[in-house]
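Since the structure comes first, as structure tokens, the remarks are kept for the end.
The values are calculated or read from the model by the stated rules, or taken from the named source; none is laboratory data. Since this is a predicted model, take the numbers as computed values, not measurements. FYI the Cβ positions are ideal-geometry reconstructions off the backbone, even for glycines, and counts take in every protein chain you see.
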Amino acid sequence: MLPHKHTKEGVLNEKLALKKLLTYMKSVYKIPQKIKGLSDERKRKPIPLFNIVMPVLIFLMLQYESFHTIFSAPESMEKRPKNCIRGKIPKVDAVRDLLSRIDPKEIEEIHAQTIDVLKRNRVFREGTIGGYVAAGIDGVELFSSTKKSCPDCLSRKNGTRKTEYFHRSVVGKSPHVIFGQEMLKPRDGSEKDEGELTGAKRLIRHLKKRHGHFADVIMADALYLNAPFINTLKECGLETVIRLKDERRLLFQDAESMFQRNEGRKRSFRKGKKSIEVWDLSGFEIDLTWTIS
Ligand SMILES: [Zn+2]
């Protein structure tokens, strides 16, 4: 986490950073208080919910080894689990049992309330680009298995023609904050790209509804150069920046010929080893409805 981890000073810095983090969680975001309010559907509750969920959260934040290792072999972790767990260290089965019973809706609400606080405290206004709050949108695969599956799984054939089950979501994030994520559903479309665009539209509408104007500009890769998606952004009052990689695309070639004619040239500058050139052009021949290819 910190470069001088093994020096006395490093350990102290680490402890201070963790203490500061925990103080913020408690006083500003009220995370521990909200964890205490989660519904506990277990029949037997030998260890309180808080004493399981809070350490799991801290271990995830500190990016410790899997929590399976922590709870199945706490002795291999030196003193670390003991510093975070009050009382008995729960067995890994107890952790798994509790976590699988927690309602994701309740967790999502804690997350949404955290975004509310960040927005209220104008945290997003601190890391702007040219005064704009920028958020990226992209698909991520969460996990996959050929053995286990659930009714919400997406599926595909892997290299050995075996059916592989997986989950994928679309995530909206700024460098330090995840605004939200939308799980892709099997019915979102058989094509990967189709499903991701459907999920992305749902995510943008949901974020707009829950958080209002959460960002100014949405950044995405070429997959999102899609008329219905861009119309969704427009309806929600969002601007967009899309990164094109495929130079064979007609849109790219069209732009290239305008670049060569030096039309709309704005400025050029260097950033590190890269030289960056900026054009401001409109009126491309190809309209967006064509680009769904
Ligand atoms: Zn599943």
- prompt: For the stretch 1-54, how many residues are modelled with pLDDT of 85 or more and either closer than 18 Å to K105 by Cα or touching a helix residue (DSSP H, G or I) at 6+ places or on another chain (Cβ under 7 Å) (or both)?
  reply: 23
message: So in the stretch 186-207, with the set limited to residues that are more than 16 Å from F229 (Cα to Cα) and within 15 Å of the ligand (Cβ to nearest atom), which one is nearest to the chain's Cα centre (by Cα)?
response: P186
message: Can you say whether I129 is at pLDDT 85 or above and among the aliphatic types (A, V, I, L, M), as far as the supplied structure shows?
response: no
- request: Could you tell me whether T128 is away from the ligand (no atom under 12 Å from the Cβ), surrounded by 12 or more Cβ atoms within 10 Å (Cβ to Cβ) and of a type in the set (V, I, T)?
  value: yes
field: Residue that is farthest from the chain's Cα centre (by Cα) [pool: residues in the stretch 16-31 that are farther than 15 Å from P55 by Cα and basic (K, R)]
entry: K20
Cβ pairs under 7 Å, 6+ apart, first in the stretch 168-182 and over 12 Å from V133 (Cβ atoms), second among the hydroxyl-bearing types (S, T, Y): Q181/S169; E182/S169
message: What are the pairs with Cβ atoms under 6 angstrom where one residue, in the stretch 98-116, is touching a residue at least 12 places away in the same chain (Cβ under 8 Å) and the other, located anywhere, is among the aromatic types (F, W, Y) and not in a helix (DSSP H, G or I)? Sequence gap at least six, or different chains.
response: T114/Y29
query: Scanning the stretch 71-96 for residues that are at pLDDT 75 or above and assigned to a helix (DSSP H, G or I), which turns out surrounded by the fewest Cβ atoms within 10 Å (Cβ to Cβ)?
result: D93
statement: Of R270, R248, the only residue that is in a strand (DSSP E or B) and modelled with pLDDT under 95 is R270
- prompt: What number goes with the only condition from (1) crowded, with 17+ Cβ neighbours inside 10 Å; (2) within 12 Å of the ligand (Cβ to nearest atom) that K148 does not pass?
  reply: (1)
task: Have a look at Y29, Y24 and point out the one that is within 23 Å of L118 (Cα to Cα), out of contact with any Phe, Trp or Tyr (no Cβ under 7 Å at 6 or more places or on another chain) and loosely packed, with under 12 Cβ neighbours inside 10 Å.
output: Y24
Of the criteria (1) more than 13 Å from the ligand (Cβ to nearest atom); (2) in contact with a Lys or Arg (Cβ under 9 Å, 6 or more places away or on another chain); (3) farther than 20 Å from Y24 by Cα, which one L154 fails: (1)
- request: Could you check, for the stretch 208-223, whether at least one of its residues is within 16 Å of the ligand (Cβ to nearest atom) and touching a residue at least 12 places away in the same chain (Cβ under 8 Å)?
  value: no
task: For the stretch 168-185, state whether one or more residues are over 25 Å from S100 (Cβ atoms) and within 16 Å of the ligand (Cβ to nearest atom).
output: no
